[in-house]
Each structure stands twice: as structure tokens, then as C-alpha cells.
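Undergrad: Below: one structure in C-alpha cells.
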Amino acid sequence: MADRSGIEWTDATWNPVTGCSKITRGCENCYAARFAERWRGIKGHPYEQGFDLRIWPERLDQPARWRKPRKIFVNSMSDLFHKRVPRQFIDKVFEQMEAEDRHIYQVLTKRSSLMRGYLRRRYANGRAPEHIWCGVSVEDSTGKARIKHLQAAPAAIRFLSIEPLLGPVGEIDLDGISWVIVGGESGPNARSLCVEWVLDIRDQCARDDVPFFFKQWGGLTPKAGGRELDGVEHNAMPRYPQAKDRKHELQRQELQMAP
């Protein structure tokens with residue numbers, strides 16, 4: 001966990017769960033696994049277990065200790081909806097997000113059907129609060145079923161992380177989608193990103209008036225290829241209900257919490 005992040009579309013990361021298992025071709029060169037496995041076997045290190053799944057109850061209250069409102073990427077080093085994460089622990093994560101609503105939480109998964117089922121049970125009579133953004137990862141056209149699962153989930157803000165983009169996605173149904181992120185792969189075995197794939201997604205977002213964020217071209221390091229697409233950085237963020245009212249409320253909370 002970190003109260004700052006180098007990920008361009010978030011402010012901080014929160015990892016009440018670490019470790020995961022690979023389930024799609026988008027996972028093959030996982031940056032999180034590569035990082036975690038460097039520390040396997042080192043006693044006392046948070047990743048002494050490498051990228052094996054681990055639950056961290058002592059981290060649940062981290063957002064409560066961050067006084068300044070921020071965007072928080074939930075489980076940047078795992079997947080909250082991994083089948084081995086107990087449902088009771090997922091409940092505790094959501095309870096924390098619901099309680100500490102001065103923050104925005106970005107929950108991203110590849111296990112889209114499990115997230116859909118969980119949200120349907122938790123918010124049976126409504127939908128997730130607008131400060132809890134729910135997203136799915138898609139790497140090419142084979143992952144589009146995850147978009148349908150997301151669209152069927154009761155979330156106020158739904159987003160797509162099309163990263164690493166490994167092939168053409170084709171026509172995307174963007175109905176109910178609030179935001180699209182696109183990025184290339186990074187690391188020593190990074191697979192190349194084709195500009196036509198990116199432009200196709202950008203143009204679909206423009207057509208359907210969906211905010212588009214281009215994160216990176218990728219390469220040996222995340223920033224190796226830069227972020228410009230056709231000479232422009234694309235940094236759009238979601239437009240969500242009552243955004244102005246929420247901004248004013250957060251400013252009020254900051255003033256109340258100031259020493």
C-alpha cells in the first residue's frame with residue numbers, strides 16, 4: 001500500500017489482499033507477480049511469500065488513516081474477487097469503502113462474474129455508491145464477456161481497463177460504461193502495442209461520449225514509450241452524478257479535519 005502512486009489514473013494504492021493467480025493471456029507478464037517474486041523467501045518482507053495469495057486484516061483501516069481525500073486503486077497487487085478470498089473479508093473491504101466515503105475507490109478485476117454476483121447480493125435493492133468505481137480488465141476481443149458481466153452489475157460507475165492491450169478488441173458495447181483506460185504492456189518481455197488498436201478504441205469512446213484515458217505505450221518500463229497519442233495526452237476521467245456536490249462536500253470534510 002502507498003499513499004502515493006506512479007499509476008497515472010489514481011492517487012494511492014491499498015492492498016488488503018496481495019498475491020494472485022494467472023487466468024488470461026493478459027496475466028502472462030504480470031508486473032505485480034514479477035515484483036513480488038523478487039522478495040520470496042526474505043524473512044520479514046511483505047512479499048516473503050512471493051505472489052502467493054495473502055489476506056491482510058491489519059490493512060483494512062488504511063483509508064481511515066488517510067485524512068486527505070484521494071482516488072485509491074484497491075488491490076493493485078491482487079484481485080479482490082479471487083476465488084480464495086473469503087466473502088466475509090470482501091464484506092469487510094466494502095464496509096471500509098462505504099464508511100470512508102471521502103475517498104474514491106477503484107476496484108478492478110478479471111473475475112468479472114464473481115464481482116457481478118457479489119455486487120448483486122450486496123446491493124440487491126440499489127447499486128454500489130458512486131464513490132466505489134467498479135471495473136474489469138480486458139486485453140483483446142476474447143475478454144469482452146467481462147464487459148457484459150460489468151454492465152449487469154449494480155454499479156454507479158463502471159470502467160474498463162484495456163491494459164495490457166494485446167490485440168484488437170473490435171466493436172465495444174459501451175452502454176453503461178463511464179470510463180475507458182487503454183495501455184500497453186511493460187517489462188522485459190513486453191508485447192508490442194499497435195497504434196490502430198488504440199485509435200479504434202479512442203474513436204469508439206469519442207463516438208459514444210465516454211471519457212478516454214491513454215495510460216502508456218509501454219516497453220521495458222511503463223514510461224519508456226511515453227503517453228502521447230497523435231501528439232496529445234488523453235487524461236479524461238469519469239463524469240458521475242452530483243460531481244459538483246461531491247466536490248463541495250469533500251472540501252467541507254477537509255476543512256473539518258484540518259488541525
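Undergrad: Using R₀ = 35 Å, calculate the FRET efficiency as 1/(1 + (r/R₀)^6) where r is the Cβ-Cβ separation of Arg87 and Asp203; round to 0.05.
TA: Working from the Cβ atoms, E equals 0.30.
Undergrad: Please compute the modelled spin-label separation between Lys68 and Asp230, points set 7 Å along Cα→Cβ, answer in nm with one decimal.
TA: For the pair Asp230/Lys68, the computed spacing is 3.5 nm.
Undergrad: Find the lysine pairs in the chain meeting two conditions, Cα atoms under 14 Å apart and a separation of 8 or more places or different chains, and report how many there are.
TA: The number of close lysine pairs in the chain is 8.
Undergrad: Still on this structure, please answer the following. Quick check: pseudo-label points 7 Å beyond the Cα along Cα→Cβ at Ser141 and Cys194, how many nm apart are they?
TA: The two pseudo-label positions are separated by 1.0 nm.
Undergrad: Would you please give the residues with an amide H less than 5 Å from that of Ile132, counting only those at least 5 places away or on a separate chain, with H modeled from the backbone geometry?
TA: Long-range HN contacts for Ile132: Tyr105.
Undergrad: Could you check what % of the DSSP bridge pairs in the stretch 12-113 are antiparallel, to the nearest 5?
TA: 20 percent
Readers should treat all values here as calculations from the given coordinates under stated rules, not as data from a laboratory. None of these values were measured; they are calculated from a predicted model. Quick reminder, even Gly has a Cβ in these numbers, built from the backbone with ideal geometry, and neighbours come from all protein chains shown.
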